[in-house]
Amino acid sequence: MKLTKKIFTAPLLGLTVIASAPFIAATTATANAETSTGTLHIITKVINTYAGTMKPSDFNVIIKSSGIAVSLSPVPGMGGNGYQLALAPGKYSLSQLATPGYRGVWSGNINTVGQVTIIANTDVVVTRTDYDMYSTMPKAVTTIPAVTPPVPVDTPTDPASQPDGTVSGGTLPATATPWGNNLVIGGSIFLLGAVGFVSRRRLLARQK
């Protein structure tokens, strides 16, 4: 194999360096590999609608490649520009550690199963929004007071139980009827007429 040599000189230092082409190519490849990463931005937002108290830093995101967690994973949640880390090009899956009382959704450059694709020298931004759930709110307990039925009070009907010997609350029975009243009145008129007739005959007899 023929090696191509390249001479580097440094006149001021009095140095002369001879390097082969394969060494230069390997050095260049190493330098390119160091810069061929992409940047993943993970933004965490928390919506506390039902008096929740969690904040972005209370959540953690797991980052895996081929089912294996990458270094630094899990990473803490962060607002603003999010948590940033450099990753080699490829596919990664993101998930969040479960937090009681909250549910979350992904948005941005991420698919429905939480997978992102990192491209060299490219920024990939994803957002995790966590919402507090209504079921975590303390429920008001309504207490219905017990209803006690009234105790019936018996009204005494015995005349002896009354101080003056009378019956309180009594009602006279309705024994009179219109026909009975007419009969009594008619009888009274008849008796008066009979008495008058007899008296008149006696008076006439005396006059004779």
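Throughout, read-outs are computed from the coordinates displayed, never taken from laboratory work. Just so you know, these numbers come straight off a predicted model, no measurement behind them. Virtual Cβ from ideal backbone geometry, glycine too; neighbours counted across all protein chains shown.
Descriptive notes on the structure:
- Estimated from the Cβ-Cβ distance and a Förster radius of 41 angstrom, the FRET efficiency linking residue 84 and residue 146 is about 0.05.
- One chain, two ends: residue 36 and residue 197. Fully extended at 0.36 nm per residue, the span grows by 43.0 nm beyond their Cα-Cα distance.
- Modelled FRET efficiency - R0 22 Å, residue 72 with residue 121, Cβ distances, 0.05 increments: 0.60
- Normalised by the number of residues in region 36-136, the average gap of Cα pairs under 8 Å and 6 or more apart makes the relative contact order 41 percent.
- Gain in span if fully extended, residue 112 to residue 62, counting 0.36 nm per residue against the direct Cα distance: 16.4 nm
- At full extension, residue 53 and residue 189 could sit 38.7 nm farther apart than now, given 0.36 nm per residue minus the alpha carbon distance.
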